[in-house]
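The structure appears below as structure tokens.
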Protein chains: 4
Amino acid sequence: MKNSAILLISCPDQKGLNAAIHDFIYRANGNILHADEHLDPDRNLFLMRVEWDLASFAIDMREFGKHFQPVAERLHMHWRVALSSARPRIAIFVSKYDHCLADLLYRRQTGELACEIPLIISNHANAERWATFYNIPLHVIPVTKETKAEAEQRQLDLLRPHEIDLIVLARYMQVLSTDFIRQYPPHHIINIHHSFLPAFIGARPHQQAFDRGVKLIGATSHYVTEVLDDGPIIEQDVVRISHRDTVEDLIQKGRDLETIVLSRAVRWHIQNRILLYGNKTVIFD
Amino acid sequence: MKNSAILLISCPDQKGLNAAIHDFIYRANGNILHADEHLDPDRNLFLMRVEWDLASFAIDMREFGKHFQPVAERLHMHWRVALSSARPRIAIFVSKYDHCLADLLYRRQTGELACEIPLIISNHANAERWATFYNIPLHVIPVTKETKAEAEQRQLDLLRPHEIDLIVLARYMQVLSTDFIRQYPPHHIINIHHSFLPAFIGARPHQQAFDRGVKLIGATSHYVTEVLDDGPIIEQDVVRISHRDTVEDLIQKGRDLETIVLSRAVRWHIQNRILLYGNKTVIFD
Amino acid sequence: MKNSAILLISCPDQKGLNAAIHDFIYRANGNILHADEHLDPDRNLFLMRVEWDLASFAIDMREFGKHFQPVAERLHMHWRVALSSARPRIAIFVSKYDHCLADLLYRRQTGELACEIPLIISNHANAERWATFYNIPLHVIPVTKETKAEAEQRQLDLLRPHEIDLIVLARYMQVLSTDFIRQYPPHHIINIHHSFLPAFIGARPHQQAFDRGVKLIGATSHYVTEVLDDGPIIEQDVVRISHRDTVEDLIQKGRDLETIVLSRAVRWHIQNRILLYGNKTVIFD
Amino acid sequence: MKNSAILLISCPDQKGLNAAIHDFIYRANGNILHADEHLDPDRNLFLMRVEWDLASFAIDMREFGKHFQPVAERLHMHWRVALSSARPRIAIFVSKYDHCLADLLYRRQTGELACEIPLIISNHANAERWATFYNIPLHVIPVTKETKAEAEQRQLDLLRPHEIDLIVLARYMQVLSTDFIRQYPPHHIINIHHSFLPAFIGARPHQQAFDRGVKLIGATSHYVTEVLDDGPIIEQDVVRISHRDTVEDLIQKGRDLETIVLSRAVRWHIQNRILLYGNKTVIFD
């Protein structure tokens, strides 16, 4: 397995940025596996992802910050470093439709998603067979209008001891409250919406798409913010439909889209390939 | 060249519809080339397109209505008949961007679009080279807020003697007034919108798409109704973009989409492949 | 659930075909739900699929042949009739890679695939967890060059009592012998090949694609004939790759393609939407 | 307009490569606009494209080689440098089908293709209207089996004084001889093949695709080598077809594919985004 470090940087653009970063890694005897960057001229913003082999790297990664901080300060960088060997801890939220849940668990098992999934939370009982199959604890917490605040408190209590790095809403049909969202740093919750956002925001997008008579339906994975269906988009895809397709056909065709579009987002997040700027994402693939 | 008749029917569903229609054509010695239908169970609506060879057809097509009307009345049909040899008369409206205009004229010349184009109307002068190249009269009518009513009157006066079957707005950047639209029967004006409707209705959709950070951009061809960008959708397609793409790149990528999506709509309209129901289209391809 | 009959016809084209078929159904009081047809002018071949509601149909479907045969003979038809309520009996063959198996079983459970799966046959043991999860008998029959004939005999013995309507090779990595294939009527075995056929016939198509440097990889579902990877193609799709993708990445991206392309083929087969002519398929969707 | 330099490098991978390159540019006061790289671990090959602003760059680009050569030698680089302001000189070869020709000339005029096109060579006369419209010299040189050697000699004589950087075969239906190909350095001739290579190599690929019954047709742009249809692939795309499509429909649908797939290849070549390794391309987009 790859034993590498990934450094993600955003800072004001200026001459010598690349040289400074590459020089730092070279002096510590790191062999670069991949480097990619993006320059947003409107914002004068420089975004970078660089990955290097740790085999002969001279710096103890536990002390990376101490060594890199002087460079970062001089160039006014926001940065974070991650290890490819780290396996993020992911909680999956799901409701009645279990196709995204089943898909994510399968991809974890094949190795496509290098993560831990310490728990699944659902407001329905039917996730149980998958929880059992993959041997992952499931917590069923029904949610009604009246019990929502209390239910969310129970969810937070369950999540806390697991030190969750990411919550994935895998067709979780409840809108998270602002209070819940604020318990996590920004960009720690990913949702799948079953439309090509910003078309068909809100409830029952397949019915909306059917009523409008569109010729393609889509799915969108995005980070959750306090504004419904408005967070930074990570991935989208579409599939062609025709007048022969009923709403039920759209739901069926949508399932394949949703599993693919959500799993890409989760994989890129795990692999530290996503950088945010404004309300948008850069995907360093 | 194919010498065939196309019959388009919509009516309440009932037993024996197919039998009655096919029996009528068979008794008149017509050989069916293609038949397709769609049943909308929610509306109990039957929609059909049937095309037959006229080689040995016993009915003079000028008198088709007289013969078919009894069948149509008995089954409460809305219907119309068209000849594949007929070449619809199309007026193209265009503004500054000429890629759709150039594309439509090229496709007419290759034979892909079997139509006449007796005139082009533009509010800019730069369509002139294409008008000259393809030897089609161009009328340049500038439009400002103040002169819009008068300009539209001039357009209508120019169109009238040509007995236009279809107006194609090939990136015509003016919104047609309700008064203008009402001069033509419904579904006689096709527009290309440079987004995946209903996302990014209105002005500057590429800028809107860029700002929202979508991962695909689209184009939509639709019939024009009195509500902006809300008419029945004929065709849509999308292309992938990334964070590397500027608004200018979106415009460039959009050009290919727009020419393809608009030309498909015009071709299907010419070939009598589009049936309307509610605010939606059936494409009999 | 829909209670309908589907009639599939192929015959030489001639006037009155449609009229005769629709008249037959109408006289027996059948309400047509959907009719589609295709005319191949090169072969003068007429292909048709018609589906009607059985609610008030006057003919006992067990005696349909007796009533329809005079029409069929007069018009020289090959035909077969099927009931939408019938659930075809499918055997799945699988080897080490289990993604198509897991996918097909999931789709059967959601109702997308209306079929029975009385047994799974594998030359590896690792299908067992899925067989257990979905409660389907699994037979593990290892295959080597030396034991192949004997193994195939065992497979045939296992299949016989189940009166299998279709064998699905869901990434079964053994080439079936001609002897085996001849035990079943034509077009009773569906395979998924992990390339865009006819590119990359044979073994290790992802490696072949990688070596050739293509920019898209594909998957193809097809009926099995005695010539390897040469049977009638049912469905194909592709996904974009780049120089960043290793062979392992192609395998991972291929998985999503393969499940989708195979499941569409199986669904269309179950729904009696596929008609064969020459070495090609018509899909009546 | 952008005034930048692009450096393309391939060399054995080793530590410090990135640092050395970025340090060189930084010391000469260059501001990097974009850097991308690819590491092929199987070949231990490092490939890089870096682009920087020349506004304040301290090195006279006419003497770039003198300054960079010591770095290049130390690290065993193959390299070349290009200016974004340079407009490559392209000759277009075309036969009877003119859609790619018309498309390339249109894109040059919109600015999408920043190049000069000093001449068009055709073995048919019907390119004349486009040559006239865009005011580019056309040379009509008929080719028969007997006159091929002589015709190619005339072509070479015509090309020589124009110091052509790239030949684009825009549906030129003659196979270039090995002698002709060897007159140009490798990767100076781009062809469009109207299939998804390596499927349907050789003549009449649409007929081949029709006969095989594929569900998608493709187009492939590639560099020309001495082996027919075997050179490094630059770009591919596909479009869905059905049993309704005749060979003529495939040809029509293919036209849109071919213009898009060829124009992308030409644009990437012009923008120095293509690096070769083995028989494959890296596209730095």
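Odds and ends about this structure:
- For segment D:1-18, a residue qualifies if it is within 11 Å of chain A (Cβ to nearest Cβ) and under 26 Å from residue B:245 (Cα atoms), and the qualifying residues are D:2, D:18.
- Residues in segment C:188-203 that are of a type outside the set (A, V, I, L, M) and at pLDDT 95 or above: C:188, C:191, C:193, C:194, C:195, C:196, C:198, C:200.
- Enumeration of residues in segment A:38-52 that are among the acidic types (Asp, Glu) and in contact with a Phe, Trp or Tyr (Cβ under 7 Å, 6 or more places away or on another chain): A:40
- Scope segment D:109-119; condition more than 13 Å from every other protein chain (Cβ to nearest Cβ) and either under 19 Å from residue B:252 (Cβ atoms) or β-branched (Val, Ile, Thr) (or both); matching residues: D:115, D:117
- Yes/no for residue A:95 being of a type in the set (Gly, Ala, Ser), assigned by TED's automatic domain parsing to the domain that holds residue A:142 and buried (at least 17 other Cβ atoms within 10 Å of the Cβ): yes
- Count of segment D:27-49 residues, restricted to those that are in contact with an Asp or Glu (Cβ under 9 Å, 6 or more places away or on another chain) and under 27 Å from residue A:41 (Cβ atoms), is 11.
- At least 3 residues being in contact with a Leu (Cβ under 8 Å, 6 or more places away or on another chain) and not aliphatic (A, V, I, L, M) is the threshold, and among the strands (runs of 3 or more DSSP E) wholly inside segment D:32-116 those reaching it are D:45-53.
- Qualifying residue in segment B:52-61 (condition: surrounded by 20 or more Cβ atoms within 10 Å (Cβ to Cβ), within 12 Å of chain C (Cβ to nearest Cβ) and of a type outside the set (Phe, Trp, Tyr)): no
- For residue D:219, the criteria (1) without any contact (Cβ under 8 Å) to a residue 12 or more places away in the chain; (2) touching a His at 6+ places or on another chain (Cβ under 7 Å) hold in every case but one, which is (1).
- Selection within segment C:130-157 - out of contact with any Pro (no Cβ under 8 Å at 6 or more places or on another chain), within 14 Å of chain A (Cβ to nearest Cβ) and surrounded by 14 or more Cβ atoms within 10 Å (Cβ to Cβ): C:130, C:133, C:134
- Which numbered condition residue A:24 misses (of (1) assigned by TED's automatic domain parsing to the domain that holds residue A:271; (2) touching a helix residue (DSSP H, G or I) at 6+ places or on another chain (Cβ under 6 Å)): (1)
- Selection count, segment B:165-176, where residues are assigned to a strand (DSSP E or B) and of a type in the set (Gly, Ala, Ser): 0
- Contact map, segment A:19-31: first residue more than 7 Å from chain D (Cβ to nearest Cβ), second residue surrounded by fewer than 19 Cβ atoms within 10 Å (Cβ to Cβ) and outside any loop (DSSP other than H, G, I, E, B), Cβ cut-off under 7 Å, separation 6 or more or different chains; pairs are A:20/A:71; A:24/A:71; A:30/A:53.
- Taken over segment C:236-271, the residue count meeting the criterion of being within 10 Å of the chain's Cα centre (by Cα) and either closer than 21 Å to residue D:238 by Cβ or within 11 Å of chain D (Cβ to nearest Cβ) (or both) is 5.
- Filter result for residue C:170 (of a type in the set (Gly, Ala, Ser) and crowded, with 17+ Cβ neighbours inside 10 Å): yes
- Hits in segment B:122-164 (condition: under 27 Å from residue B:87 (Cα atoms), in a helix (DSSP H, G or I) and charged (D, E, K, R)): B:128, B:129, B:152, B:154, B:157, B:160
- The lone exception for residue D:77 - which of (1) in contact (Cβ under 8 Å) with a residue 12 or more places away in the chain; (2) surrounded by fewer than 16 Cβ atoms within 10 Å (Cβ to Cβ) it fails: (2)
- Of the numbered criteria (1) more than 14 Å from chain A (Cβ to nearest Cβ); (2) touching a residue at least 60 places away in the same chain (Cβ under 8 Å); (3) farther than 24 Å from residue D:258 by Cβ; (4) in contact with a strand residue (DSSP E or B) (Cβ under 7 Å, 6 or more places away or on another chain), the one residue D:88 fails is (3).
- Count of segment C:39-51 residues which are of a type outside the set (A, V, I, L, M), surrounded by fewer than 20 Cβ atoms within 10 Å (Cβ to Cβ) and under 23 Å from the mean Cα position of the chain (by Cα): 1
- Conditions (1) at pLDDT 95 or above; (2) more than 26 Å from residue C:101 (Cα to Cα): number failed by residue A:102: (2)
- Test for residue C:109: is it buried (at least 20 other Cβ atoms within 10 Å of the Cβ), in the same structural domain as residue C:184 (by TED's automatic domain parsing), at pLDDT 95 or above and touching a Phe, Trp or Tyr at 6+ places or on another chain (Cβ under 8 Å): no
- The residue of segment D:182-228 that is surrounded by the fewest Cβ atoms within 10 Å (Cβ to Cβ), among those that are within 11 Å of another protein chain (Cβ to nearest Cβ) and at positive phi, is D:213.
- Tally, over segment B:59-85, of residues that are touching a strand residue (DSSP E or B) at 6+ places or on another chain (Cβ under 7 Å) and within 17 Å of residue B:45 (Cα to Cα): 7
- Within segment A:36-49, no residue that is under 14 Å from residue D:51 (Cα atoms) and more than 11 Å from chain B (Cβ to nearest Cβ) sits with its Cβ atom under 8 Å from a residue that is modelled with pLDDT under 90 and part of a strand (DSSP E or B) at 6+ positions apart or across chains.
- Segment B:231-285, residues that are touching a Ser or Thr at 6+ places or on another chain (Cβ under 7 Å) and surrounded by fewer than 18 Cβ atoms within 10 Å (Cβ to Cβ): B:277
The values are calculated or read from the model by the stated rules, or taken from the named source; none is laboratory data. Note that this is a predicted model, so its numbers are computed, not measured. All Cβ positions, even for glycine, are placed from backbone atoms using ideal geometry, and neighbour counts span all protein chains on display.
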